[in-house]
Amino acid sequence: MHPDSTETLAASPALAQLKALRRSGRIRAISIDLDDTLWPIWPTIAKAEAVLLDWLRLHAPATALHLGDTATVRALRHEIVGLRPDLQSDLSGLRRESIRLALQRAGDDPALAEAAFDEFFAARQRVDLFEDALPTLQFLAAHWPVVALSNGNADVHVVGIGQHFHASLSASLSGMAKPDARFFHAAAEAAGVAPEHVLHIGDDAELDARGAMDAGMHAVWLNRGGVAWPCEGREPHVTVASLAQLCEGLAES
């Protein structure tokens, strides 16, 4: 057997399902996750947290010394989730308030939180796209309106891919987050179609795939790691190993 034959055989059910969806005409818009779907998020966050620490060393050295390293920065970010449940879906607000808390605890001016957050946020937008991400966006945007639907706070225009999106919705600005069906319905409304005519693509089994199905959408689970479906109940309509495979299945034939 050719070395690629096993992968091809494994992919064939997904490709057949996608081709059937394409031929059915039921897909009239696309919604797509950002973090860990178009780029790996944790390397991006780690670099942004390092930029934040460097800025604090210059402008609030006591806070930088108090925090010490990016692990402590992240731990404080998790702590603020419990302290500010009202900001649960607002990642920008959580990050800003975690910086403010660090400044207060170290005896520095908490007003520096705004400038410090701006440095972090600018670095957070400097992402490294997966190799198949840009070709996928180009392909999808050529055929359907594409809506970004993210629980994160990336700005597709600052990232440099905004031209491929019909609209972009983030939890930080919308006050909603996946898997809330209202958030998926907002994406469908932004695309100008009913939820049953949207194909949602994302890497998170619970937030993306299950959330989209519960909202009445078609769901593609991007499973780059080849792990077993981790949720109870029904599985997603389609599972793909890469965005390139997604495009192959959705291509006109």
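Quick look at the values:
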{"read-out": "Estimated FRET transfer efficiency (Gln125, Ala62; beta-carbon r; R0 41 Å; 0.05)", "value": "0.90"}
{"read-out": "Per residue value of the accessible surface for region 39-158 (all protein chains in place, 1.4 Å probe), Å²", "value": "46 Å²"}
{"read-out": "Cα-based equivalent ellipsoid of the chain: semi-axis lengths in Å, sorted from largest, via gyration tensor", "value": "37, 19, 16"}
{"read-out": "Net +/- balance of residues flanking Asn153 in space, Cβ distance below 12 Å, scoring K and R +1, D and E -1", "value": "0"}
{"read-out": "Charge tally in the Cβ shell below 11 Å around Asp33, where Lys, Arg are +1 and Asp, Glu are -1, Asp33 excluded", "value": "-4"}
{"read-out": "FRET efficiency, Ala244 to His157 (Cβ-Cβ, R0 35 Å, nearest 0.05)", "value": "0.90"}
{"read-out": "Rounded tilt (10° steps) of 113-124 against the dominant C-alpha axis of the chain", "value": "30 degrees"}
{"read-out": "Val127 - accessible surface, heavy atoms, 1.4 Å probe, Å² rounded to 10", "value": "30 Å²"}
{"read-out": "The chain - percent of accessible surface contributed by carbon and sulfur, probe 1.4 Å", "value": "54 percent"}
{"read-out": "His78-His143 FRET efficiency (beta carbon distance; Förster radius 41 Å; 0.05 resolution)", "value": "0.55"}
{"read-out": "Probe 1.4 Å - accessible area at Phe121, Å² to nearest ten", "value": "60 Å²"}
{"read-out": "In region 102-143, GluC sites (Glu not before Pro) in a DSSP loop with at most 15 other beta-carbon atoms within 10 Å", "value": "Glu131"}
{"read-out": "Residues in region 182-223 reached by a label modelled at Gln88 [backbone nitrogen below 14 Å; 7 Å Cα→Cβ]", "value": "none"}
{"read-out": "Solvent-accessible area per residue, Å², over region 174-229 with all protein chains present [probe radius 1.4 Å]", "value": "36 Å²"}
{"read-out": "Helix-derived mean residue ellipticity, 222 nm - over the chain, DSSP H n ≥ 4, -39500 (n - 2.57), to 500", "value": "-15500 deg cm²/dmol"}
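The values are calculated or read from the model by the stated rules, or taken from the named source; none is laboratory data. What you are looking at is a predicted structure, and each value in this text was computed from that prediction instead of being measured. With ideal geometry, Cβ positions are generated from the backbone for all residues, glycine too; neighbour counts draw on all protein chains shown. Calculation scope for accessible area: heavy atoms of the full protein, side chains included, ligands and nucleic acids excluded. Shrake-Rupley method; radii C 1.70, N 1.55, O 1.52, S 1.80 Å.
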